[in-house]
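A.B. asks: Structure incoming, see below.
Read the figures in this text as sums done on the coordinates, not as results from a lab. Since we're looking at a predicted model, the values are computed, not measured. Please note: Cβ atoms are built from the backbone with ideal geometry, for glycine as well, and neighbour counts cover all protein chains shown.
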């Protein structure tokens, strides 16, 4: 089979940042395209009743330790804004507006958003900042800012998230390949084993 | 360093079952003793506000799928009681009563509890059943049943859990080695890398 690996994530999910660093290389290794799918994790939290890591006692301290540990091992910088997590709805809407015109460019934009947000250089919650950032990808910031709030773009971003949650997506990162769900950056190696072997 | 790997778990945690299958072999490979530490995960939930996987929408369905997937890969049977998770307080207290007399026997008992509960052959919430099960380890079931409800045994089980949560333990399985926390069965390989390398 050659179906895509769906990569569901919230730009404000630290573990999604780490998954985003390796997912395209995995896709290349196993011969599968990656379908980048930002969504608002809060959509899932409304169904699960869960809270984000960063607002959960004990887990928030562990996550901060763990993110830095993962970053040191991978040689990455992990320095999101002090008030992480920001509500990345503007970045999510801009992604889908770009995707409507150029899917490959939308992926490069998403990778850039991860890089900039986790370097503390982009507030994904501020549409003006996100639109200006998109200018670095050859897009017109004013067109981006206007496009992100078009009713059809807002609806597409919302509906894709709702549909994902209805299919059982509840975390970030969350992958679906050949109908099989894999939750968490830690599960990427097992997902690769699954794809290579055809499952077990 | 040669300090122990603390292995915190709730007998009713499916992911702890999988970690329990491999943790002693890991300890042998890296030359570290394993300190088996059952506790009531509900103690942590009171602090984090989290709920168990099995009572969380979407996550519960994913976990059921994932446990069977892990079991198939490892060649294990994963068949807990239909009303899983049971409240394993009796099994936890019996563990600490046994440990007070013979720590190695307590580990074998814990491994036996995992094997029996996840084969649907033991209700860890019923002290009479747990005491009878302990009889298979050369213990007197009546002495076990009486020992598990001694005030000092009940207090020890409770206090160890409280102290763990105060140190940041919030999940199952949850490991601490040389002061470094690792949460989740998925993190066992990274913990091994950490121990072998001395950390990074």
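A.B. asks: What is the distance in Å between the Cα centres of the range B:154-182 and the range A:169-193?
C.D. replies: The two parts, judged by their Cα centres, are 28 Å apart.
A.B. asks: Relative contact order for the range A:117-168 using alpha-carbon pairs under 8 Å, separation at least 6, rounded to a whole percent?
C.D. replies: Relative contact order, the range A:117-168: 17 percent.
A.B. asks: Sticking with this structure for a sec: Calculate, in nm to one decimal, what residue A:167 and residue A:104 gain on full extension: separation in residues at 0.36 nm each, minus their alpha carbon distance.
C.D. replies: Stretched fully, the residue A:167-residue A:104 segment lengthens by 20.2 nm.
A.B. asks: Now for a separate question. Which ordering of B:94, B:149 is given by a fewest-first count of other beta-carbon atoms within 10 Å?
C.D. replies: Listed from fewest to most nearby Cβ atoms, that is B:149, B:94.
A.B. asks: May I pose another question? Please state the relative contact order of chain A as a whole percent: Cα pairs under 8 Å, 6+ residues apart?
C.D. replies: Numbers: 258 pairs, mean separation 61.0, N = 200.
This gives 30 percent for chain A.
A.B. asks: Take the rotation relating chain B to chain A, measure from its axis to every Cβ in chain B, and name the nearest residue with the distance in whole Å.
C.D. replies: It is B:186, 2, counting Cβ atoms only.
A.B. asks: Could you work out the relative contact order of the range B:1-57, using alpha carbon pairs under 8 angstrom and six or more residues apart, expressed as a whole percent? Mind showing how you got there, number by number?
C.D. replies: Values: 46 pairs, mean separation 24.9, N = 57.
Reported as a whole number, the value is 44 percent.
A.B. asks: Is the shape of the range B:1-99 best called rounded, prolate or oblate, per the rule: a/c under 1.5 gives rounded, else a/b larger than b/c gives prolate, else oblate, with a ≥ b ≥ c the square roots of the Cα gyration tensor eigenvalues?
C.D. replies: On the way: a/c = 1.81, a/b = 1.27, b/c = 1.42.
Here the range B:1-99 falls in the oblate category.
A.B. asks: Expressed as a fraction of 2.2 N^0.38 Å, the rule-of-thumb size for a compact globular protein of N residues, what is the C-alpha radius of gyration of the range A:64-109?
C.D. replies: Compactness ratio reported: 1.53.
A.B. asks: Going by the alpha-carbon gyration tensor, a ≥ b ≥ c the square roots of its eigenvalues, is the range B:90-131 rounded (a/c under 1.5) or, if a/c is not under 1.5, prolate (a/b greater than b/c) versus oblate?
C.D. replies: Because a/c hits 1.5 or more and a/b fails to exceed b/c, the range B:90-131 counts as oblate.
A.B. asks: For a footprinting-style exposure proxy, rank A:183, B:8 by other Cβ within 10 Å, fewest first. Spell out each step's value before the answer.
C.D. replies: Values: A:183 23, B:8 28.
By the 10 Å Cβ count, ascending, the order reads A:183, B:8.
A.B. asks: While we're looking at this one, here's another question. May I ask you to report, in nm to one decimal and beginning with the shortest, the distances from residue A:74 to the same position in the other copies, taking label points 7 Å along Cα-to-Cβ?
C.D. replies: Output for residue A:74: 2.6 nm, nearest copy listed first.
A.B. asks: Another question, then. Can you report the principal axis dimensions of the range B:135-185 using only the alpha carbons, biggest first, rounded to whole angstrom?
C.D. replies: 39, 24, 18
A.B. asks: Please compute, for peptide B:134-140, the average count of beta-carbon atoms on other protein chains lying within 10 Å of each residue's beta-carbon. Walk me through the numbers before you get to the answer.
C.D. replies: Numbers: counts 0, 0, 0, 0, 0, 0, 0.
If you average over the peptide's residues, the count of other-chain Cβ atoms is 0.
A.B. asks: Could I ask something else about it? Cα centroids of the range A:68-108 and the range B:127-149: how far apart, whole angstrom?
C.D. replies: Result: 55 Å between the Cα centres.
A.B. asks: Percent antiparallel among DSSP beta bridges with both residues in chain A, to the nearest 5?
C.D. replies: On the way: 8 of 13 bridges.
Approximately 60 percent, going by the DSSP bridge assignments.
A.B. asks: Based on the alpha-carbon set only, what is the convex hull volume of chain A divided per residue, in Å³? Provide the component values of the computation, followed by the final result.
C.D. replies: On the way: hull volume 24.7 nm³, N = 200.
Spelled out: Cα convex hull of chain A, divided by residues, is 124 Å³.
A.B. asks: Would you calculate a helix-derived [θ] at 222 nm for chain B, using -39,500 (n - 2.57) for each DSSP H run of n ≥ 4 and dividing by the full residue count, to the nearest 500? The partial results should precede the final answer.
C.D. replies: Details: 9 runs with 109 residues, N = 200.
Computed ellipticity for chain B at 222 nm equals -17000 deg cm²/dmol.
A.B. asks: No solvent, one uniform scatterer per C-alpha: report log10 I(q)/I(0) for the protein assembly as shown via the Debye equation at q = 0.11 1/Å, two decimals.
C.D. replies: Each listed q maps to, in turn, -0.84.
A.B. asks: How many nanometers, to one decimal and shortest first, lie between the label point of residue B:49 and those of its other copies, if labels sit 7 Å from Cα toward Cβ?
C.D. replies: Label-point distances to the other copies, shortest first: 1.4 nm.
A.B. asks: Between A:147, A:112, A:168, find the one with the highest GNM mean-square fluctuation for chain A; connect C-alpha pairs within less than 10 Å.
C.D. replies: Fluctuation is largest for A:168.
A.B. asks: What does the average come to when, for each residue of peptide B:192-199, you count the partner chain Cβ atoms lying within 10 Å of its Cβ?
C.D. replies: Partner-chain Cβ atoms within 10 Å, mean over residues of B:192-199: 1.
A.B. asks: Say a label goes 7 Å from Cα toward Cβ at residue A:108 in every copy; what distances in nm does this one have to the rest, shortest first?
C.D. replies: Those separations, rounded to one decimal, come out as 6.5 nm.
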